[in-house]
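Report on one structure; see the data block that follows.
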Amino acid sequence: AIGVKSFKPKTTDSKGTIASPNLLKDIKLEECAATKIIIGDITYIPMQNGSWSYLSVWQDKVTRRIIGWSLNNSMTAELVISALEKAILKGKVRAGAIIHTDRGSQYASNNFRQLLRKNGFRQSMSGKGNCYDNAQAETFFSRFKAELIENGKFEDIEQARSEIFS
């Protein structure tokens with residue numbers, strides 16, 4: 001028998017967004033330095049009551065360290081902005097850096113793009129429907145869920161916030 005697939009929320013909605021070019025296409029990693037290429041993405045975190053929370057992370061491409069994160073019950077531009085602001089405040093990303101994401105509406109929002117301009121960052125987005133362009137973020141979330149969450153569910157968002165990156 002074929003089992004029913006469990007519902008997983010969609011974390012990318014690029015309808016009606018104007019994409020930025022993929023600036024990582026022709027860059028060789030050996031030409032890069034820490035704080036100069038930052039990878040971002042969003043994933044869902046299951047809660048015990050059947051609802052979802054959404055985790056936004058920013059990862060340094062070279063060091064692979066998580067430099068900023070935010071968790072919320074909704075997947076708005078504020079989620080990704082809050083996470084990136086944490087990285088900026090820590091000094092983990094510098095002017096001129098490439099900020100690379102998928103084509104989600106959060107990353108194409110006016111407020112997010114204004115934050116990038118204000119800090120002198122260059123926006124880069126994956127090709128349409130190409131998850132391989134953001135493979136580093138996808139790989140991180142895969143390992144994160146398999147090794148740290150282990151299909152467990154948090155009681156609420158506060159418990160998730162206190163335990164995810166503690």
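None of the figures in this text is laboratory data; all of them are computed from the coordinates on show. Everything quoted here is computed from the prediction, not taken from an experiment. Cβ atoms come from the backbone with ideal geometry, glycine included; neighbour counts cover every protein chain shown.
The table below gives the values:
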| read-out | value |
| --- | --- |
| Pairwise label distance in nanometres, LYS28 with GLU155, each label 7 Å out on the Cα-Cβ vector | 5.4 |
| Over segment 69-121, volume per residue of the alpha carbon convex hull, in Å³ | 72 |
| Segment 53-164, Cα convex hull volume normalised per residue, Å³ | 109 |
| Total lysine pairs under 29 Å (Cα atoms) in segment 40-166, excluding pairs fewer than 8 apart on one chain | 19 |
